[in-house]
Structures are given as structure tokens and as C-alpha cells.
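Accompanying notes for the structure given below.
Any read-out appearing in this document is the output of simple, stated calculations on the displayed coordinates, not a laboratory observation. All figures in this text were calculated on a predicted structure; none of them were measured in a lab. Cβ placement follows ideal geometry from the backbone for every residue including glycine, while neighbour counts extend to all protein chains displayed.
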Amino acid sequence: MPENSAPNHLDKVAFEKLFKSHFVHLCNFASQYVSDMDAARDICQKVFILLWENRENIQTNQNVRSYLFTAVKNRCINHIRDQKKYRSRVLDVDIQHIDVAFEEDHLAVDDLKSKIEKALDALPKKCRQVFEMSRYEDKKYQEIAETLSISVKTVEAHMSRALKGLRKDLSNYLHLMMLFVFF
């Protein structure tokens, strides 16, 4: 009796049954990791191809379902890692172009910094203090409230007033400020 027709190995019928009963569930599982359903399907297909290619080593009396979900999860993690590497390379190229643009616009950047300082100086003292604690010191509203002995609602009001004032005073420079925020 040939080895691949032994009852405890994965044969064509058992493989097809496994594929039909698990493929949709595995795709849904993969889509929880990768947001693109096409990528999720590709990942699941590759797992099934690998399973078929290694069918002689698969024992059907073992938990194949568990193997499938683990393999899909690992492939999803690899996919996410590879996507991050790709995006990082793309951003590196984009940032190099932005660096050149900033060098050419050095005066505009200095002007923007000056405008930001003037806009912050125009804010009421407490309002500016709350804004700086939030944005420059990365403090949460609750921390700011405790430090200044004011309510969280008061912190929110100060932040709202500060942002409104800064938007008004810096409306001509929003395009440059977006570069600072994102890069």
C-alpha cells in the first residue's frame, strides 16, 4: 500500500474537504490582521498550497485545523512586516525630497516658527500653559487638570480656545504646518 494512500495521511479527498470547510473561515480570520480581503485570500491560498506540497508529512489524526489557523496568522504577521518595510522605503524617498524642499524654503520655515511663537504669545497665559503641556510635554488632559488644580472640562475649554486662536492666526501657514505634523 503506497504511503500517501495510508488513512492517516492527507489525500486529495481529505484535502478538498479541508479546503472547502476552512477556506472562508481562514480568510475571515486573516482579514482581521490584514485589512485587504484580496491579501487575506492570497495568504490563505499560499497556506493551502504549502499544506498540499507537504501532505506526506501531515498526519490527519493530528489537529490540522489548529495548524491552518497558526500558519495563516504567521503569514499575516509576515505580510504586515513586509508592508511596513515597503512603506518605510517609500517614506525614506519622500522625506529626502521634503528635506530638499525645506532647505530651499528655509526662510519660510523661520517665518513660520516666528508666527507660531507670536500666535502662542497672543494666547491668555493659562490657555498657553495648557496648550504647551498638552502638545509639547505630551500630558493628558487629566494630568494637566491635576497639575494646575483645574477641572478636565476647563482644560478642554482652554485647548479649544488655543486651537481656535492658532488656526485663525496661522491660517496662511497651514500647508507648511502639515509638513511639520506629518514629518
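Structure values in brief
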{"quantity": "Pairs beyond 30 Å (Cα-Cα), from Lys118/Lys140; Lys20/Lys84; Lys139/Lys168; Lys73/Lys139", "calculated": "Lys20/Lys84; Lys73/Lys139"}
{"quantity": "In nm, spacing of pseudo-spin labels at Leu163 and Lys140 (7 Å Cα→C-beta vector)", "calculated": "1.8"}
